Amino acid sequence: MVLVLAPFVVVQAVGRAHVAHAAHVPESDAIVVPGAGLRPDGTPSTYLRRRLDAAAELYGRGVAPVVLVSGDAHDDYDEPGSMRAWLLSRGVPDDAILLDREGFDTHATCTRAASEFGVGTAVVVTQGYHLPRTLFSCRVAGLDAVGVGVSATSVEPWKAVLYRAREVPAATKAVLDAVLR
């Protein structure tokens, strides 16, 4: 049991040390928004809309000159493209939106932000339960990142429980990614 929970405890400790309140985030190179799925009509999921709305607000306050949206894109599925459209509708200019279409998981989003997009400092926006793991992965990838948590309230409460429980095995993956990739 200790071996199962040890990665979770480490990931939570490292990540929670870098959680910030939206009103107190430092100026950064970029606001990073990991994907969270699309609705059948191709628009952002509820969780993703919350991330994007917070990112647009942070951008509007001048926290960073760009918003990096990261997610999966294949065939007719284009998470970053949908994220871009949502941000445009919220007043973020097109030239301030960077699209990472290979952000297939949290680790990829963080490592690509640093290696492919040259981000050194970042404000990451995701749901509170996901934030510690995301910050762990970003810091391991070399990003000086802080994070802002957004609501994880779900209209389907069983999903909220599932997403939180998933953080235990996901923490093990995050530690393995940090060591092996």
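The values are calculated or read from the model by the stated rules, or taken from the named source; none is laboratory data. These figures come from a predicted structure and were not determined experimentally. Glycine also receives a Cβ, built like all others from the backbone with ideal geometry; neighbour counts cover every protein chain displayed. Heavy atoms of the whole protein, side chains included, go into the accessibility calculation; ligands, DNA and RNA do not. Shrake-Rupley method; radii C 1.70, N 1.55, O 1.52, S 1.80 Å.
Any idea what angle helix 106-115 forms with the longest principal axis of the chain, computed on alpha-carbon atoms, 0 to 90 degrees, nearest 10?
The answer is roughly 60 degrees.
Report the charge-dipole magnitude of the chain in Debye, nearest 20, computed about the Cα centre from +1 at each Lys and Arg Cβ and -1 at each Asp and Glu Cβ.
680 debye
Could you please tell me the mean projected area of the C-alpha convex hull for region 1-125, averaged over all directions and given in square nanometres to one decimal? Before the final figure, lay out the partial values.
On the way: hull surface 35.2 nm².
Computing the convex hull of the Cα atoms and averaging its projections yields 8.8 nm².
Using a Gaussian network model on the chain with a 10 Å cutoff between Cα atoms, which of PRO44, PRO157, PRO26 fluctuates the most?
Evaluated over the chain, the most mobile residue of the options is PRO157.
Leaving out ligands and nucleic acids, and using a 1.4 Å probe, what accessible area per residue does the chain come to in Å²?
48 Å²
Expressed as an acute angle from 0 to 90° and rounded to the nearest 10, what is the orientation of the C-alpha long axis of helix 167-180 relative to the principal long axis of the chain?
The helix 167-180 is inclined about 90 degrees to the chain.
Arrange the peptides 29-37, 12-20, 124-132, 139-147 so that the one whose residues have, on average, the most other Cβ atoms within 10 Å appears first.
29-37, 124-132, 139-147, 12-20
Could you let me know the centre-to-centre spacing of region 92-108 and region 121-181, using Cα atoms, in angstrom?
17 Å
List the relative contact order of region 57-136 as a percent without decimals, with contacts defined as Cα pairs under 8 Å and 6+ residues apart.
Numbers: 79 pairs, mean separation 20.9, N = 80.
The value is 26 percent.
Under the rule of -39500 (n - 2.57) per DSSP H run of 4 or more residues, summed and divided by the residues of the chain, what mean residue ellipticity at 222 nm is obtained, to the nearest 500 deg cm²/dmol?
-14500 deg cm²/dmol
Counting pairs of alpha carbon atoms under 8 Å apart in space and at least six apart in sequence, what relative contact order in percent does the chain give? Intermediate results must be reported in sequence, preceding the final value.
Details: 339 pairs, mean separation 51.2, N = 181.
Result for the chain is 28 percent.
Report the local net charge at GLY35: Lys and Arg +1, Asp and Glu -1, summed over other residues whose C-beta lies under 14 Å from its C-beta.
Numbers: positive: ARG39, ARG49, ARG50, ARG51, ARG84, ARG101, ARG112; negative: ASP72, ASP78, GLU79, ASP100, GLU102, ASP105.
Net charge in that neighbourhood comes out at +1.
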